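Q: Here it is, the structure, as structure tokens.
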Amino acid sequence: MFFDTHAHLDDEQFQADQNAVIVRAQEAGVELLVNVGYNVKSAQNTLELTRKYSFIYGAVGMHPHDAKDYGESSYELFRKIAGDPRIVAIGEIGLDYHYDLSPRDTQKQVFRRMIALAKEVRLPVIIHDREAHEDTFAIVQEEGAFQVGGIFHCYSGSLPLAKVALDLGFYISFAGPVTFANAHKLREVVKEAPLERILIETDCPYLAPAPYRGKRNEPAFVPKVAATIAQLKGLTIEEAARVTLENGKRVFKIQ
């Protein structure tokens, strides 16, 4: 029983076969899934998915790529949707200095507003941090994001940074890249991180795990991530699945 804690099933890459992808996920043993919104439209799509499928929960927020489109009306919409009991987090929020699709100052401002929203509605955050580690951690600490907790998703940072995140009470989620043969530093983080703070995800349709690397990712592939975690932690895949499922339910407060 697997928990894909971060998926984007409303992405246009799933437009033609979304239901078939969801059926394959269930057949692969995915018991729970969080569909993560990234802008206003995605937040609305996410809410619709949670109403259509009983095992899908949702998160809403403004991705750094879309920060340039943010307005206070976005905040009000996210706050309204976040009141639905099927919405379990504010995300995906954070900073992305790799693509810089929104100005960095704008990304920072929106990140701070989204943390404020999370604190207002008392939901954990799902943090995106790509090549922006110093600023991301500074804002997390300055804005008190640790008060609501949450997840550094699709973790790509160093072991020292992971320890900072863990010390602040955050969970660390691993996606397809942890299965890549050259992911030595990332695998070291898995080995050192407490098992009770580890989550698994796909971040689909992106970052498919080996042996599907380069193809469209989907929730049915999350067992490959669990298998790598199990190997690195000296567990069976069943044990890794069970613990990461429990961890996910704890951080998202899913009964």
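The values are calculated or read from the model by the stated rules, or taken from the named source; none is laboratory data. These numbers were taken from a predicted model, which means no experiment stands behind them. So basically every Cβ, Gly included, is an ideal-geometry build from the backbone, and we count neighbours across all protein chains shown.
Q: When you scan segment 122-141, do you find a residue that is crowded, with 18+ Cβ neighbours inside 10 Å and free of Cβ contacts under 8 Å to residues at least 12 places away in the same chain, even just one?
A: Looking through segment 122-141, none of the residues is crowded, with 18+ Cβ neighbours inside 10 Å and free of Cβ contacts under 8 Å to residues at least 12 places away in the same chain.
Q: Here's something else I'd like to know. Give just the number: which of (1) over 18 Å from residue 85 (Cα atoms); (2) surrounded by fewer than 23 Cβ atoms within 10 Å (Cβ to Cβ); (3) touching a Lys or Arg at 6+ places or on another chain (Cβ under 9 Å) does residue 27 not satisfy?
A: Every listed condition holds for residue 27 apart from (3).
Q: Could I ask something else about it? Residues that are within 25 Å of residue 227 (Cβ to Cβ), among the hydroxyl-bearing types (Ser, Thr, Tyr), under 18 Å from the mean Cα position of the chain (by Cα) and at pLDDT 95 or above: does segment 37-44 have at least one?
A: no
Q: Do we have any residue at all in segment 224-232 that's more than 21 Å from residue 145 (Cα to Cα), outside any helix (DSSP H, G or I) and among the basic types (Lys, Arg)?
A: No - not one qualifying residue is present in segment 224-232.
Q: For residues in segment 194-209 being of a type in the set (Asp, Glu) and outside any helix (DSSP H, G or I), which is nearest to residue 166 (Cα to Cα)?
A: Here the residue is 201.
Q: Here is a list: 209, 223. Which entry is crowded, with 22+ Cβ neighbours inside 10 Å and modelled with pLDDT of 95 or more?
A: 209
Q: Step by step: first the residues of segment 89-120, then only those that are touching a Gly at 6+ places or on another chain (Cβ under 7 Å) and among the hydrophobic types (A, V, I, L, M, F, W, C), then the one that is farthest from residue 141 (Cα to Cα). Which residue is that?
A: Result: 89.
Yes/no per residue for (1) on the phi < 0 side of the Ramachandran plot; (2) without any contact (Cβ under 8 Å) to a residue 24 or more places away in the chain; (3) touching a Pro at 6+ places or on another chain (Cβ under 9 Å); (4) not in a loop (DSSP other than H, G, I, E, B):
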| site | (1), (2), (3), (4) |
| --- | --- |
| 54 | yes, yes, no, no |
| 65 | yes, no, no, yes |
| 80 | yes, yes, no, yes |
| 90 | yes, no, yes, yes |
| 109 | yes, no, no, yes |
| 112 | yes, no, no, yes |
| 116 | yes, no, no, yes |
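Q: Yes or no: residue 13 surrounded by fewer than 20 Cβ atoms within 10 Å (Cβ to Cβ) and touching a strand residue (DSSP E or B) at 6+ places or on another chain (Cβ under 9 Å)?
A: When the stated conditions are applied, residue 13 passes them.
Q: Any residue in segment 239-252 that's under 13 Å from residue 171 (Cα atoms): show its pairings with residues that are basic (Lys, Arg) and part of a helix (DSSP H, G or I) at Cβ separation under 8 Å, as long as the two are six or more apart or on different chains.
A: Final answer for the pair search is 247/197.
Q: Hey, does segment 8-18 have a residue that's hydrophobic (A, V, I, L, M, F, W, C), farther than 24 Å from residue 122 by Cα and touching a residue at least 24 places away in the same chain (Cβ under 8 Å)?
A: yes
Q: Same structure again: Would you mind finding the one in 230, 193 that is under 18 Å from residue 4 (Cβ atoms), more than 14 Å from the chain's Cα centre (by Cα), of a type in the set (A, V, I, L, M) and surrounded by 18 or more Cβ atoms within 10 Å (Cβ to Cβ)?
A: After ruling out the rest, the residue left standing is 230.
Q: Now for a separate question. In segment 22-40, what residues are out of contact with any Ser or Thr (no Cβ under 6 Å at 6 or more places or on another chain) and within 20 Å of residue 121 (Cβ to Cβ)?
A: Correct list: 36, 38, 39.
Q: Please determine whether any residue of segment 166-175 is within 27 Å of residue 51 (Cβ to Cβ), of a type in the set (Asp, Glu), at pLDDT 95 or above and surrounded by fewer than 23 Cβ atoms within 10 Å (Cβ to Cβ).
A: no
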